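Here, each number is a calculation from the coordinates, and none is a lab measurement. In this text, all values refer to a predicted model and were calculated from it rather than measured experimentally. Methodologically, a virtual Cβ is constructed for each residue, glycine included, from the backbone with ideal geometry; neighbour enumeration extends over all protein chains shown.
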């Protein structure tokens, strides 16, 4: 029976090699796997069949490929087959990496590394290090990526592995390119290209040509970049004709067309790349196309299409790499390092026990002394760790206490005016001096104040939560042309008490930034409220929006009391939290500008202040435009 199964399996492999009917072949292999489940004596054949099924679906259906690789890995582990187990974990890591599942990719690559280290599979260990470094490269952790890449290079050099060394130069070049060190990147890409041509490896040549082309694009060598990207697209599929690889090459080619202002060709390349990305399940490639399409439509002056594709990009990016995934990745790598260290400790223990057996009873007394010393050392170490833990808790409590004080001050600062409005409405509605018709607009205004205050409290609590948990808010692409008028309308009732008019000036073109809209509202509301506070009665405040040097600039300009140089410096440096009464003797907590600074940080924004005593002040918020914001 077993020989019959082997014959069927070999027939399947023959069909894979010579038949274009991959669906029929995979169906036959599927059936064979089910048949093998009933014959435990054929487990090793079943394991290989699962591995081959994973390879058949690789780059075509990543999800299904991963399922087969996982079954192959678990079966190889059960059978004690180290090399097939390494291969299955490694391929499983690649499947998840291709799909953009970085957390799972790291977990499985680390499993492969553990086996390769234990079994001393040198070349496979180098490949595992290289692949793990590539994952961290995609995540933007260049330091960790280079650490793993360098480990792989050391093995490649010892083994005289030219192809491996070319791939190392390729990855190091990518790291330099992403860190904007473009000359260094080009040097490494060219070194890799020389090696790839020496061994006539077309696939590696295509990878290096494509990456060098993108690097030339960053160096604004646009015609040269497009020529290299075209060559990569022509050469690559001849050696690796899979959907995810073609998606990557087309995405790069689209970028080459775009910078050469061949917009129709760029759009066609991006759409074709998205189709291949979806076919292979490569979310990371699909995400990159959305970002490039956003940039393309920006260059074509189509802001609506730009915003739509950038929203798709950020939605997909959030799903691929959120804070929970980053935490899980860190834990997986920590587990690997702990296991590796434990293996070293175990090896040391075995060596020590062997030596102790040779020495015999003469070292028993010394061993007792050693144990006593070790126990004392352990106790001292535990006391030190306990002290460090207590110190860390003390620092955290002090931080939380300071945060509580700031939060209470900020809340009191921003709640005072709404509460005054509510109190005024209550007094007027119960005095009987106004009719129901006269009270109606006041009632609506008070309702708006209560609603806005509720929104403000929600966002203040969000800010406090971010400070405690040290997490970043979720930023989205937004058009901000509507914000100045809306915030001005919220603050105008406060300005009316001093007969101050808020004038809004907004350009006709759409201005887009990467921000959280409600946090930006709080920023503008604080600046406008402060402007009203320090403006003279019967004056005007200007709220302006414009583009300037790659940034959206929101400016609040008043003709109020202004500040002395010392007051301005103290405000900029945030060294004085005391409050100054306004022109109408208004009070405040002195922390409004502090809150503005804190809320702008996650949005890559900054506050600029100009002021002269008796001449007024200009508070300007500067946030990078959407196409210049860091992803």
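Here are some notes:
- The order of 113, 572, going from fewest to most other C-beta atoms within 10 Å of their C-beta, is 572, 113.
- Counting other Cβ atoms within 10 Å as a rough exposure proxy, the listed residues 491, 523, 561 run 561, 491, 523 from fewest neighbours to most.
- Euclidean distance between Cα centres, the range 245-319 to the range 117-150, Å: 29 Å
- Three-way shape label, the range 66-174, alpha-carbon gyration tensor, a/c 1.5: oblate
- Fully extending the segment from residue 218 to residue 180, taken as 0.36 nm per residue of separation minus the present Cα-Cα distance, adds 12.8 nm.
- Using the average count of surrounding beta-carbon atoms within 10 Å as a protection proxy, the listed peptides 479-488, 288-297 rank, highest first, as 288-297, 479-488.
- Sequence ranges 277-286, 601-610, ranked by mean other-Cβ count within 10 angstrom, highest first: 277-286, 601-610
- Estimated at 0.36 nm per residue, the fully extended path between residue 44 and residue 505 surpasses their Cα-Cα distance by 158.5 nm.
- Between residue 308 and residue 547, the FRET efficiency from the beta-carbon distance, with R0 = 25 Å, is close to 0.75.
- Cα gyration tensor category, rounded, prolate or oblate, for the range 141-222 with a/c compared to 1.5: oblate
- Residue order, fewest to most surrounding Cβ atoms within 10 angstrom, among 310, 300: 300, 310
- Cα shape, the range 227-300, gyration tensor, a/c 1.5 rule: oblate
- With a simple spin-label model that places each label point 7 Å from the Cα along the Cα-to-Cβ direction, the separation between residue 388 and residue 117 comes to 2.1 nm.
- When each of the peptides 177-183, 72-78 is scored by the mean number of other C-beta atoms lying within 10 Å of its residues, the order from highest to lowest reads 72-78, 177-183.
- Fully extending the segment from residue 74 to residue 141 would add 21.1 nm, taking 0.36 nm per residue of separation and subtracting the current Cα-Cα distance.
- Approximating the spin labels as points 7 Å out from Cα along Cα→Cβ, the residue 203-to-residue 474 distance works out to 3.8 nm.
- The range 472-624 - Kirkwood radius from inverse mean 1/r over Cα pairs (Å): 15.7 Å
- Fraction of antiparallel bridges per DSSP, the range 472-624 only, in percent to nearest 5: 85 percent
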